[in-house]
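The structure under discussion appears below in the form of structure tokens.
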Amino acid sequence: MQREKQDLTEGSLGKKILFFSIPLMLSNLLQVLFNMADIAVVGQFAGSQALGAVGSTTTLVTMFTDFLIGLSGGINVLTALHFGAKNKKSVIETVHTALLLSIVCGMLLMLAGIVFPRQILQLLHTRPELLDGAVLYIRIYFLGIPALAVYNFGNSVFSAVGETKRPLYYLAFAGMINIVLNLFFVIFCKMDVAGVAAASVISQYISAFLIVAALFRSSEDYALRLRYLRVSRDKAKNILKIGIPAGMQNAIFQVANLFIQVGVNSFSATMVAGNSAAANADALVYSVMMAFYTACGSFMGQNYGARKKDRIRKSYLISLGYAFGVGTAMGLSLAAFGTVFLGLFTNDPAVIKAGMYRLTIMGFSYGFSAFMDCTIAAARALGKSLVPTVVVIMGSCVFRIIWVYTVFAYFRTIPSLYLLYIFSWGITALAEIVYFIRVYKKEIVF
């Protein structure tokens, strides 16, 4: 019988973190491929206007879904902590409370995405010829947000206890369904934007159903049981204490990116389409690097619960090293072979040329984001979420907005817009590392 959990408090950390992270990488990549498949299919079979319409929604979709990712980070940390401490009662209460919280948050975000997309897209200065298609895509896509919330919940629970393969299998199956439905709806049904959105919704509900069914079938402490399905006020408070600041940080982070999108929208429709195609690389690289941030939280959480000081520090450093290495390698590869990557989304040479402006600059920058993001994950694993959130808001959000209205406003070139990423990462990383060192010395005293 396949193991459903593993002890992260024993054994070689370097080897365990790597093998723990590989299924997470693949799982994260598949989630990204849901949206990338949408963009690739419409770009190849529905034309550049449909590509621009779907691409114009990327920042808005990410803003809402990243809130759920932040919330699931709180679930992961608390589950890992209680699991590492072998506290069965707390594990049961955390898991069942987390499911209910995820459903509620997913429903609220779904309503927001259905009711307000036109107003938000207009604030982004979305080009008029792309607006109706973008609104349609958002309203259909957001019907699947509750399912995405539930899947992220299940994935967080399994990751917290050391099981990362099972969510991958479920997401792989749903991902194949998504791609098949994309092609069917767009090529045969001529549904264009509506078709790729509907395909994503269906696949999200499939992945959510499979992961919840697995938790109900499990015989472990973290299994779902209807008789335990209630909100524990104490566990809800602890989950939200970590998850809400993380979710708000992610959402506000995307608000800053909305100002960047406004800057992009000030250029031609070709540049907008090129940016939309190239921006898929961001999600691709971040999703792989994020696997090591999740590993950092899970390993540090279990070892914090087990009170193993040396393994807590090493879990952070090893995860950081892996994230920086893979981010740098992927970034340089994209900078070198960017035209091939962009060719997956468009056949228009002008759009490919426009996209290469972004890929070249970002390719040399991606790896450095690890110093910010992995340190934030480490601080949250020790139960500290509010200060890292404030630091990110100031360093990566406020700083970016200031950059758009000063540096970019002065030069008015696309490279001057994209360079803000690495500068904001550097400033924020420095502050986060200083804070983490202080927290580590204060909290890890056993």
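The values are calculated or read from the model by the stated rules, or taken from the named source; none is laboratory data. It should be emphasised that the depicted structure is a prediction, and the values quoted were computed from it without experimental measurement. Please note: Cβ atoms are built from the backbone with ideal geometry, for glycine as well, and neighbour counts cover all protein chains shown. The area values use the complete protein model at the heavy-atom level, side chains included, leaving out ligands, DNA and RNA. Shrake-Rupley method; radii C 1.70, N 1.55, O 1.52, S 1.80 Å.
The residue list 162, 144, 133 contains one member that is among the small types (Gly, Ala, Ser), touching a residue at least 24 places away in the same chain (Cβ under 8 Å) and on the phi > 0 side of the Ramachandran plot, which is 162. Selection of first residues in the stretch 332-357 that are closer than 9 Å to residue 277 by Cα and assigned to a helix (DSSP H, G or I) and of second residues that are open to solvent by 50 Å² or more (accessible area, probe 1.4 Å) and modelled with pLDDT under 95, restricted to Cβ pairs under 8 Å at least 6 apart or on distinct chains, gives the following pairs, ordered by first then second residue: 351/48; 351/270; 352/339.
Within the stretch 280-300, residues that are under 16 Å from residue 313 (Cβ atoms) reach partners that are open to solvent by less than 10 Å² (accessible area, probe 1.4 Å) and among the aromatic types (Phe, Trp, Tyr) with beta carbons closer than 6 Å, at six or more positions or on different chains, in the pairs 295/20.
If the condition is being buried (at least 21 other Cβ atoms within 10 Å of the Cβ) and farther than 14 Å from residue 287 by Cα, then the stretch 320-337 contributes 320, 334.
Within the option set 338, 321, 305, 327, being within 26 Å of residue 16 (Cα to Cα) and either in contact with a Leu (Cβ under 6 Å, 6 or more places away or on another chain) or β-branched (Val, Ile, Thr) (or both) holds for one residue only, 305. Within the set of pairs 6 or more residues apart or between chains, which connect a residue that is closer than 14 Å to residue 196 by Cα inside the stretch 37-65 to a residue that is open to solvent by 30 Å² or more (accessible area, probe 1.4 Å) and of a type in the set (Lys, Arg) with Cβ atoms less than 6 Å apart? That search, which allows pairs on different chains as well, returns nothing.
The residue that is modelled with the highest pLDDT, among those in the stretch 51-91 that are aliphatic (A, V, I, L, M) and surrounded by fewer than 24 Cβ atoms within 10 Å (Cβ to Cβ), is 85. The single condition from (1) part of a helix (DSSP H, G or I); (2) touching a Lys or Arg at 6+ places or on another chain (Cβ under 8 Å) that residue 220 fails is (1). Comparison of 246, 278 shows that the only residue that is under 19 Å from the mean Cα position of the chain (by Cα) and modelled with pLDDT of 85 or more is 278. Of the residues 272, 262, 255, which single one is in a helix (DSSP H, G or I), in contact with a His (Cβ under 6 Å, 6 or more places away or on another chain) and either over 16 Å from residue 78 (Cβ atoms) or open to solvent by 30 Å² or more (accessible area, probe 1.4 Å) (or both)? Matching residue, one of 272, 262, 255: 262. Tell me whether the stretch 92-105 contains one or more residues that are more than 24 Å from the chain's Cα centre (by Cα) and modelled with pLDDT of 90 or more. Yes; the residues of the stretch 92-105 include at least one that is more than 24 Å from the chain's Cα centre (by Cα) and modelled with pLDDT of 90 or more. When we screen 445, 340, 392 for residues that are of a type in the set (Val, Ile, Thr), open to solvent by 60 Å² or more (accessible area, probe 1.4 Å) and modelled with pLDDT under 90, the only hit is 445.
Taken together, the residues in the stretch 148-178 that are more than 19 Å from residue 29 (Cβ to Cβ) and either in contact with a Cys (Cβ under 6 Å, 6 or more places away or on another chain) or among the hydrophobic types (A, V, I, L, M, F, W, C) (or both) amount to 6.
Tell me whether the stretch 140-163 contains one or more residues that are farther than 19 Å from residue 68 by Cα, at pLDDT 90 or above and aromatic (Phe, Trp, Tyr). No - not one qualifying residue is present in the stretch 140-163.
Entry remark, the stretch 222-239: residues being of a type outside the set (Lys, Arg), open to solvent by 60 Å² or more (accessible area, probe 1.4 Å) and within 22 Å of residue 80 (Cβ to Cβ) number 4 in total.
Residue pairs whose Cβ atoms lie under 7 Å apart, sitting 6 or more positions apart in sequence or on different chains, and linking a residue in the stretch 306-322 that is on the phi < 0 side of the Ramachandran plot and assigned to a helix (DSSP H, G or I) to a partner that is of a type in the set (Gly, Ala, Ser) and open to solvent by less than 50 Å² (accessible area, probe 1.4 Å), are 316/378; 318/14; 319/295; 320/370; 322/21. Screening residue 89 against (1) under 19 Å from residue 216 (Cα atoms); (2) in contact (Cβ under 8 Å) with a residue 12 or more places away in the chain leaves a single unmet condition, (2).
Screening residue 387 with (1) modelled with pLDDT of 90 or more; (2) part of a loop (DSSP other than H, G, I, E, B) gives one miss only, at (2). Taking the stretch 229-239 as the range and being touching a helix residue (DSSP H, G or I) at 6+ places or on another chain (Cβ under 7 Å) and part of a helix (DSSP H, G or I) as the test, the residues that pass are 235, 236, 238, 239.
Please go through the stretch 407-446 and pick out each residue that is closer than 23 Å to residue 272 by Cβ, assigned to a helix (DSSP H, G or I) and without any contact (Cβ under 8 Å) to a residue 24 or more places away in the chain. Walk me through it before giving the result.
Start the filter on the stretch 407-446 by keeping residues that are closer than 23 Å to residue 272 by Cβ, which leaves 407-422, 424.
Now drop any that are not assigned to a helix (DSSP H, G or I), which leaves 407-411, 414-418, 420-422, 424.
Correct list: 407, 409, 410, 411, 416.
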